[in-house]
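K.L.:
One structure coming up, written as C-alpha cells, with questions to follow.
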Amino acid sequence: MQVDLDTLRGFFRSAPFMADLGVEPTAVEPGRVRTGLAVQPRHRQHTGVVHAGVIAALADHTMGAAAQTLAADGHWVLTAEFKTSLLRGAGGERLECEAWVVKPGRQVSFTEAEVYAVAGGERRLVAKASGTMAVTKAEQP
C-alpha cells in the first residue's frame, strides 16, 4: 500500500482518539512514520509531566501506521500487543515519535518506536516501544 503524507494525515484524522489528542503525522516513507504532538495542559498528569497513556498511545498508533505503509491493498493493521518503556518524565512543548517496521509480514509485522520530548529546542528520548501488529483483511461494509 503506497501511503503519502496527505493520506496518512487523513488516516490519523479518521481515528477520533488520535484527533482528540492532537497527534499529527509529519513524515512517511515505506515502513517508517514520524508524528508530533503539541503538549497541552490536558496531556499532563498531576506532577506536570506528560501522562504515560498519551506517550503509549502516540507510540502505538505511530507503529501501526508504519506497519500500514507496508500492508497489502485491502488489509488493515491492528495492534495485537505492545510494550512501552518510559525512560524519564516527559516535559516540554512537544512530543515527537519515530516508528519503523523491524520485520514486515503478511499476517504479523514487528515494529519499534522512540518518543522524544522537545523543550527549548532540545530533544530528549523519553520512551521506547515495541509492537506486534496483526495484518487483517479489511471488512467490506
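K.L.:
ALA113 - would you say it is part of a strand (DSSP E or B), surrounded by 15 or more Cβ atoms within 10 Å (Cβ to Cβ), touching a Cys at 6+ places or on another chain (Cβ under 7 Å) and of a type outside the set (Val, Ile, Thr)?
P.N.:
Yes; evaluated as a whole, the condition is true for this residue.
K.L.:
Could you grab me the full set of residues in the stretch 11-53 that are surrounded by 12 or more Cβ atoms within 10 Å (Cβ to Cβ) and part of a helix (DSSP H, G or I)?
P.N.:
PHE11, PHE12, ARG13, MET18, ALA19, LEU21, HIS43, ALA52, GLY53
K.L.:
Of all residues in the stretch 79-110, which are farther than 26 Å from GLY48 by Cβ and exposed (fewer than 12 other Cβ atoms within 10 Å of the Cβ)?
P.N.:
Result: GLU81, LYS103, ARG106, GLN107.
K.L.:
Out of the residues in the stretch 84-110 that are of a type outside the set (A, V, I, L, M, F, W, C) and part of a strand (DSSP E or B), state the one that is farthest from ALA72 (Cα to Cα).
P.N.:
In this case the residue turns out to be ARG94.
K.L.:
Could you list, ordered by first residue, the pairs with Cβ atoms under 6 Å in which the first is in the stretch 1-19 and within 16 Å of LEU58 (Cα to Cα) and the second is small (Gly, Ala, Ser) and not in a loop (DSSP other than H, G, I, E, B), at least 6 apart or interchain?
P.N.:
Pairs found: ARG13/ALA19.
K.L.:
Still on this structure, I have one more. Read through the list (1) free of Cβ contacts under 8 Å to residues at least 40 places away in the same chain; (2) touching a strand residue (DSSP E or B) at 6+ places or on another chain (Cβ under 6 Å), then give the number of the only condition that ALA134 fails.
P.N.:
With respect to (1) free of Cβ contacts under 8 Å to residues at least 40 places away in the same chain; (2) touching a strand residue (DSSP E or B) at 6+ places or on another chain (Cβ under 6 Å), ALA134 is out only on (1).
K.L.:
Give the residues of the stretch 55-108 that are under 18 Å from GLY10 (Cα atoms) and acidic (Asp, Glu), sorted by residue number.
P.N.:
Once the filter is applied, which keeps residues that are under 18 Å from GLY10 (Cα atoms) and acidic (Asp, Glu), the stretch 55-108 yields ASP60, ASP73.
Only the coordinates and a few stated rules stand behind these numbers; no lab work does. Note that the structure is a prediction, hence the values are computed from the model and not measured. Reconstructed Cβ throughout: ideal geometry from the backbone, glycine too, with neighbour counts over all protein chains shown.
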